[in-house]
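Structure record follows, encoded as structure tokens.
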Amino acid sequence: MTLAVILVPLIAALLLPLLGGLGRIVALGAAIATFVLALRLPSAEAVNLPWLPDLGVTFSLSGHGAATVLVAAAALAMIGAVWYGGFRVTHRTSVFLALLLAMQAFLNGIFLAKDLVIFYVFWEATLIPSLIMLGVWGGSAKRAAVMKYLVYAMGGSLLMLVGIIALKVTSGATGFHFDELVAAGASLDLNTQLLIFAAFAVAFAVKLPLVPVHSWLIDFHEQNHPSGVADVAGTLYKVGAFGFFAWAIPLLPAAAEAAAPLLLALAAITALYGGVVAVAQTDLKRLLAYASLSHMGIIGVGVFSLQPEGMTGGMLLLAAQMVSTSALFILAGMLGERRGTFELSAYGGLARSAPFLASIMLFSIFASIGVPGLGNFPGEFLSLLGAWLHTPGWAIVATLTIIAAGIYGVNLYQRMFQGREQLPAPDLSFREAITLLPFVAGILWFGIAPAAAVSNIELQTRAGTEQAITQPTEPLAGTMEDSQ
Amino acid sequence: MTFPAAIDINWLQLSPLMTLIATASIALLYNLGDRDTRGGAGITVTGLILAGVFNYALMRESEGGPITAFGGRLLADQLTTSLWFVIIVGAVLAILVAWNYIHNSEVGQPEYYPLLLLSASGAMVMVAAGDLITLLLGLEIMSLAVYVLSAFRLGHGAPARQSQEAGMKYFLLGAFASAVMIYGIALLYGATGSFHYTGVHAAVTAPDFGLPVLAAVGGLLLLGGLAFKAAIFPLQQWAPDVYTGAPTPVTTFMSVVVKTAAFAALLRVGAGFLPEVSPAVIEVFSWLVGATMVIGNFGALAQQGIKRMLAYSSVAHAGYLGLAVLAASTDGFRAASWYLMAYTLMTAGAFAVLALVSRRDDTGDTLSHFAGLGRRQPGLALAMAIFMLSLAGIPPLAGFAGKLFVFSAAIGAGYVVLAVVGIVTSIVGVYYYFRVIKVMYFDQSSSEALPGGIDVAGRLAIALAAVGTVVLGVFPAIW
């Protein structure tokens, strides 16, 4: 079951280029099947297979904890993306969908991995489909965007590789499995921990992303295929916070505690910076990219608070924004198709001719800016609460983001959908409406009934924070169970 | 010093070597009657496969413990059998690349294949050598054949001149390096009274050893000779010129088989006696390894021609392998034999694609020549992308597990700073490897068609290497 969540999309991705016209149906089937499998993850057996016994690497996966929620949220977004991409991307559709599914398979690997090397393998493997999507289907300035993205991503992650190896060697662990490393890593002295933590932090900060290593994200979204489908993949790929949450913080608790004030400050600045810069954008995709950067900052303050509330909230928001931000990028793709540009000035008054499109857009914007009852609110609230418990000052800075979010969100809707209608636009077609169904369902799910998700994430949070705050050297009951 | 009374011969151990030499002789005789080069290619590939079978038997036999022959001058341990496999795979790939290339071009002399096999047998002797004289013999057998192969392109055009220049340059510098090495061996013998690795080790660790300086100078000169073959800084200068000038199939062979043999020898002396002869020699070597990684990667970054880029890239990989040599007494053997297999598959594969895409006289290997290859030749482009990603060390391809092996070995042996240098320079590597992929997939097509129609043997080599790179990367425990 746990393995199937990776294998189903991966095998579909490998078959897709051979299937031709049938490919779309298979791709959609695989996406839906992955979602169904993801829902059953909490009861699934963990996987433990030998991979590279010489170096102590095991192919270990476990679907317990935050992975349950993240895999499901990603699968939900992926259903909409695969369906929309099936008719919206006309150039080499089956290869595009194959890359999308490969991306999903590797992302699930990142969330499920319980062996640090396997985590790294999936972390890096995800780079390839996202780069190809950007490079082949991207816009006019894609070459620069590709190279920037590549250098940022690889620069960070290769340093992480040194950290991974050094962690095992210096701690004397016999393998790279989480349980072995967590017991061994806590015994390292603070200086060693800090050095290794820094190697991880660079990689994770790039993918979170945090200011000042965020600039690839903006170009990445601006240059990706105008359908917004590749942006969904990019949205799901912002897994840096998960890396901190699942690996860096529990493995190196003393270093995490020492570095938390700095990281918390950077995250709060990222949140505010993203929100404020979003207000000034005139291009829809750039605006969404900065808005999403701002969310990532809030996730960051939650995780770096090292408080149970904040860390759980950060992961909950990570999952929820996968759905809401993806919805906005897909909606942007639909709007872009109607106008042929993402310049906000080309839009206006669309609510009259396209009322359904307008209402779903408003719904998604509200979800994104954290209106209670919709997807992002519970996670955002818990993240900020966690930050408040750690450093009230930075919590206030991060909370200011909500004001900025209100401004750019409402502004966006006003400029595009209200006021004088420049040109009428067709309303949602039937297939477009179907596209948006999974997103709407996901937004409502995270908004109305987050309890199940919270309790799943908490399983893992407890393991991490106990390690970080109370008992730095004691092995963990919670994670030991996972590996059985 | 004691020698066994009777000559100590283990026929099973000698069988892979003797198969290669016998096959080379048969191919030479065959070519007296039939000047078509493809007959010789077929014979030599068959011989290599047979040698592989014998090597497999030897591997099973040596699992109980290392086998030796000639009083420990020829060793058959895990390193020998695994690197013999690497050499056989590299030679098979190099012959497949050459199959139609040699047939269709002015390189077309059938002696090509027997020479290649003799060179491979010399490489195998170097791998198995347990004393310095055997090592030297292997090195000379291997090198002499490669000097000739480098200069194999006949005629008067610029490519032929380049090839002859490459051969001449390689020969002169190689002869000089051999002389240095022989001098080193002589000094080591003078200091210790032994050619045996174990004998040298015993002598220098003896409490009353009186000639440490002589031994250290000898060790340094020996290291210099081997570092030349391995293209370690500052003795890497020849590699880009010779790799570029030689016909591409020869470059394929040199970059994988010669490198494997050189590193095997470095590993054996590194684990055998070099640290005991003088820690300073190892210290010097570690600095050179760091410099090699920097020079190789930055050199590759500056290249426009893909062949030259790959030549510098092989210098960079020599640096990574150097990390394994530094860890020779701990995890280095396993790391290096794994890395060399991965390196052989991806490098030979990349040169094979290059041989198919560039013109028959090896011109036309610039980046722009690869533009739009993803649309013109999707299969070739996909394979090239796999090799580039693997060389860059991106999982789940073989190059990643290889890097994991050598960096783990280096960090485990205490060379953390060097490992960091290796990682930082491989970020540069990511850039220039990815540039090839970018050009193939994201740039507009250049309209030039591939030369010489469909090259089945070349494509077979590429397919084998690509499948090997992926399978080895996904299931690293099989090797």
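The values are calculated or read from the model by the stated rules, or taken from the named source; none is laboratory data. Just so you know, these numbers come straight off a predicted model, no measurement behind them. For neighbour counting, all protein chains shown are included, and Cβ atoms are generated from backbone atoms with ideal geometry for every residue, glycine included. In case anyone asks, the SASA skips ligands and DNA or RNA and just uses the protein heavy atoms, side chains included. Shrake-Rupley method; radii C 1.70, N 1.55, O 1.52, S 1.80 Å.
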Under the definition of partner shielding as Cβ atoms of other protein chains within 10 Å of a residue Cβ, what is the mean value for peptide B:330-343? 1
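Ordering B:HIS103, A:HIS91 by how much accessible area each has at a 1.4 Å probe, largest first, what is the list? All intermediate terms of the calculation are to be shown ahead of the outcome.
On the way: B:HIS103 70, A:HIS91 95 Å².
Of B:HIS103, A:HIS91, the descending order of accessible area is A:HIS91, B:HIS103.
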Taking amide H positions as placed in the peptide plane 1.01 Å from N, state which residues far from B:HIS196 in sequence (5 or more) or on other chains have amide H under 5 Å from it. B:LEU132
I'd like to know which of B:LEU373, B:ALA230, B:VAL257 lies farthest towards the positive end of the charge dipole of chain B, counting +1 on Cβ of Lys and Arg and -1 on Cβ of Asp and Glu. B:LEU373
Which FRET efficiency, nearest 0.05, do A:ALA144 and A:ILE407 yield, Cβ-Cβ r, R0 30 Å? 0.50
Hey, which aspartates and glutamates would be in cross-link range of A:LYS148, C-alpha to C-alpha under 14 Å, not counting anything within fewer than 8 residues on its own chain? A:ASP219, A:GLU222
On a 0 to 90 degree scale, rounded to 10, what angle separates helix A:4-19 from the longest Cα axis of chain A? 50
Heavy atoms only, 1.4 Å probe, whole protein assembly: order B:TRP84, B:TRP287, A:TRP51 by accessible area, highest first. B:TRP287, A:TRP51, B:TRP84
What order, most packed first, do the peptides A:152-164, B:113-125, B:461-473 have when packing is the mean number of other Cβ atoms within 10 Å of each residue? B:113-125, A:152-164, B:461-473
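What does the charge count around A:LEU350 come to, taking other residues whose C-beta lies under 12 Å from its C-beta (Lys +1, Arg +1, Asp -1, Glu -1)?
Details: positive: A:ARG338, A:ARG339, A:ARG352, A:ARG415, A:ARG420; negative: A:GLU421, A:ASP427.
Overall, the nearby charge balance is +3.
Where does the charge balance sit around A:ALA387 when Lys and Arg score +1, Asp and Glu -1, over other residues with C-beta under 12 Å from its C-beta?
Values: positive: none; negative: A:GLU309, A:GLU380.
Spelling it out: positives minus negatives among the neighbours equals -2.
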Just for the Cα atoms in the stretch B:11-478, what are the lengths along the principal axes, largest first, rounded to whole Å? 72, 53, 43
Hand me the tally of lysine pairs in the stretch B:11-478: alpha carbons under 22 angstrom apart, and the pair either on different chains or 8 or more positions apart. 9
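Quick one: which of B:137-143, A:275-281 comes out on top by average Cβ neighbours within 10 Å, and what's the full order, highest first? If you can, show how the numbers build up before the last one.
Working: B:137-143: 22.0, A:275-281: 19.6.
The densest-packed peptide leads the list: B:137-143, A:275-281.
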For chain A, the longest principal axis of the Cα atoms and the Cα long axis of helix A:392-417 enclose an angle in degrees, to the nearest 10, of 20
Dipole moment magnitude, nearest 20 debye, the protein assembly as shown about Cα centre, only Lys, Arg, Asp, Glu C-beta charged: 2260
Once label points are set 7 Å from the Cα along Cα→Cβ at both B:THR46 and B:GLN444, what is their separation, rounded to one decimal in nm? 5.2
Testing the spin-label approximation: label points 7 Å from Cα along Cα→Cβ at A:ARG431 and A:VAL36. State their distance in nm. 2.4
If we sort A:22-33, B:12-23, A:290-301 on the protection proxy, mean other Cβ atoms within 10 Å, highest first, what's the order? A:290-301, B:12-23, A:22-33
Using a 10 Å cut-off around each Cβ of peptide A:169-181, what is the average number of partner chain Cβ atoms that fall inside? 1
With each label point set 7 Å from Cα along the Cα-Cβ vector, what nm distance links A:ARG92 and B:ARG359? 2.9
How much accessible surface area, in Å² rounded to 10, belongs to the heavy atoms of B:TYR197 with a 1.4 Å probe? 20
I want the local charge near A:HIS91. Using Cβ-Cβ distances under 15 Å, sum +1 for each Lys or Arg and -1 for each Asp or Glu among the other residues. +4
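Can you tell me how the stretch A:147-266 classifies by the Cα gyration tensor, rounded, prolate or oblate, using a/c under 1.5 as the rounded cut?
On the way: a/c = 2.48, a/b = 2.06, b/c = 1.21.
The shape class here is prolate.
Take the Cα radius of gyration of chain A and divide it by 2.2 N^0.38 Å, with N its residue count; two decimals is plenty.
Numbers: Rg = 21.0 Å, N = 484, 2.2 N^0.38 = 23.0 Å.
Normalised Rg, Cα atoms only: 0.91.
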How long is the gain from A:LEU400 to A:GLN422 if the chain were fully straight, where each residue apart is worth 0.36 nm and the alpha carbon distance is subtracted? 4.5 nm
Amide H contacts under 5 Å for B:ALA129, restricted to residues at least 5 apart in sequence or on another chain and with H modeled in the peptide plane, are B:LEU75
In order through the stretch B:50-55: 3J(HN,Hα) via Karplus (6.51 cos²θ - 1.76 cosθ + 1.60), integer Hz, x for Gly, Pro: 4, 4, x, 5, 4, 5
List the relative contact order of the stretch A:299-432 as a percent without decimals, with contacts defined as Cα pairs under 8 Å and 6+ residues apart. 39
Honestly the protein assembly as shown on the Cα gyration tensor test (a ≥ b ≥ c root eigenvalues; a/c under 1.5 rounded, otherwise a/b vs b/c for prolate or oblate) is just prolate
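Taking 60 Å as R0, compute the FRET efficiency from the Cβ-Cβ separation of B:ARG60 and A:LEU389 and round it to 0.05.
Details: r = 63 Å, r/R0 = 1.06.
About 0.40, to the nearest 0.05.
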For chain A, what is the relative contact order in percent, using Cα pairs closer than 8 Å and at least 6 residues apart in sequence? 17
Classify the stretch B:359-479 as rounded, prolate or oblate from the Cα gyration tensor: take a ≥ b ≥ c as the square roots of its eigenvalues, call it rounded if a/c is under 1.5, otherwise prolate when a/b beats b/c and oblate if not. prolate
Heavy-atom accessible area of the protein assembly as shown with neighbours in place, 1.4 angstrom probe: carbon+sulfur share in percent works out to 69
Okay, which of the stretch A:377-418 sit inside 19 Å, backbone N to the point 7 Å along the Cα-Cβ direction of A:ARG352? A:413-418
Would you kindly find the accessible area of A:THR58, with a 1.4 Å probe and non-protein molecules such as ligands, DNA and RNA excluded, rounding to the nearest 10 Å²? 40
Taking each residue of A:56-66 in turn, how many C-beta atoms of other protein chains fall within 10 Å of its C-beta, and what is the average? 1
Can you give the accessible area of B:SER358, probe radius 1.4 Å, in Å² rounded to 10? 0
